[in-house]
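**Q** Handing you a structure now.
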Amino acid sequence: PYTHEALMAKVAAQLTDKRYQHCLRVETTARKLAKANGVDVELAGIAGLLHDYAKQRPAETFIDLIKSHRMDPNLVSYGNGVWHGYVGAELLKTELNIYNEAILNAVRLHTVGAPYMTKLEQIVFMADFIEPARDFPGVDDARKLTKQSLADGVRYQIQHTLDYLVQKGAPVYPQTLATYNAWVGQVP
Ligand code: DGI
Ligand code: FE
Ligand code: FE
Ligand code: FE
């Protein structure tokens, strides 16, 4: 297995400096959330560091992986936003020898979420959304909610994401909608 230092170098080599700095901030934020929520701090930090590892790969890399791994063929229609976590996690195995399923699943779900998410998965999902350089209307509410309750943060984020996708007329991946329905759109 690679040391933490070596993983940092591997991530840096794949990304622009701007995106690499984002990964370092997500790592730090994930470690804090892990500590506050009784989750393994090292696992959360590594998952945070690696979450966007595949973000800057060309579309054809993802399309090849979707086909060779016989993933949901509909994934092809949704673009980098959906691919880099869900599909990109495969590259963590083949390129970085990461086989820890808790880490892999946290990376897989970091953009679209899931109806059921482990605390580690929720932490990476939220750390990506509220890391200190994030600046969008509502980010301070998101930070406050997440500090109070991880699940409230998840609810806030998926509602925000669905709203954003619909506003701009982007296609919603069915799992994004399933996450929304499970966390937000519950009939009382
Ligand atoms: O990788 P980051 O920029 O740090 O953040 P992210 O992984 O949370 O989000 C990446 C993008 O993915 C974001 O612009 C929103 C987009 N996205 C999330 N869910 C969906 C989606 N795009 C489409 N088309 N469909 C989705 O369901
Ligand atoms: Fe991402
Ligand atoms: Fe996110
Ligand atoms: Fe990210």
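**Q** Return the only residue of 61, 94, 111 being buried (at least 22 other Cβ atoms within 10 Å of the Cβ) and among the polar types (S, T, N, Q).
**A** So the residue among 61, 94, 111 that is buried (at least 22 other Cβ atoms within 10 Å of the Cβ) and among the polar types (S, T, N, Q) is 111.
**Q** Considering 9, 47, 54, which residue is within 18 Å of residue 175 (Cβ to Cβ) and either in a helix (DSSP H, G or I) or within 16 Å of ligand 2 (Cβ to nearest atom) (or both)?
**A** On the way: 9 fails: within 18 Å of residue 175 (Cβ to Cβ); 47 fails: within 18 Å of residue 175 (Cβ to Cβ).
Going through 9, 47, 54 in turn, just one is within 18 Å of residue 175 (Cβ to Cβ) and either in a helix (DSSP H, G or I) or within 16 Å of ligand 2 (Cβ to nearest atom) (or both): 54.
**Q** Please work out which residue is farthest from residue 66 (Cα to Cα), limiting yourself to region 118-129 and to residues that are away from ligand 3 (no atom under 13 Å from the Cβ) and not hydrophobic (A, V, I, L, M, F, W, C). Show your work before the answer.
**A** So the first thing to find is which residues in region 118-129 are away from ligand 3 (no atom under 13 Å from the Cβ), and the list is 118-120.
Those still in the list that are not hydrophobic (A, V, I, L, M, F, W, C) too: 118-119.
Values: 118: 25, 119: 27 Å.
Within region 118-129, the match that is farthest from residue 66 (Cα to Cα) is 119.
**Q** What's the total number of residues in region 13-43 that are within 16 Å of ligand 1 (Cβ to nearest atom) and surrounded by 13 or more Cβ atoms within 10 Å (Cβ to Cβ)?
**A** Residues that pass the stated criteria total 15.
**Q** Another one. What's the total number of residues in region 90-117 that are more than 11 Å from the chain's Cα centre (by Cα) and away from ligand 3 (no atom under 16 Å from the Cβ)?
**A** Here the count works out to 15.
**Q** List, please: which pairs have Cβ atoms under 7 Å, are six or more places apart or on different chains, and start with a residue in region 157-178 that is away from ligand 2 (no atom under 16 Å from the Cβ) and end with one that is polar (S, T, N, Q) and open to solvent by less than 30 Å² (accessible area, probe 1.4 Å)?
**A** These pairs meet every condition: 162/176.
**Q** Now a separate question. If I go through region 126-145 residue by residue, how many of them are within 17 Å of residue 22 (Cβ to Cβ) and assigned to a helix (DSSP H, G or I)?
**A** 8
The values are calculated or read from the model by the stated rules, or taken from the named source; none is laboratory data. None of these values were measured; they are calculated from a predicted model. FYI the Cβ positions are ideal-geometry reconstructions off the backbone, even for glycines, and counts take in every protein chain you see. Heads up: the accessible areas ignore ligands, DNA and RNA and are worked out on the full protein's heavy atoms, side chains in. Shrake-Rupley method; radii C 1.70, N 1.55, O 1.52, S 1.80 Å.
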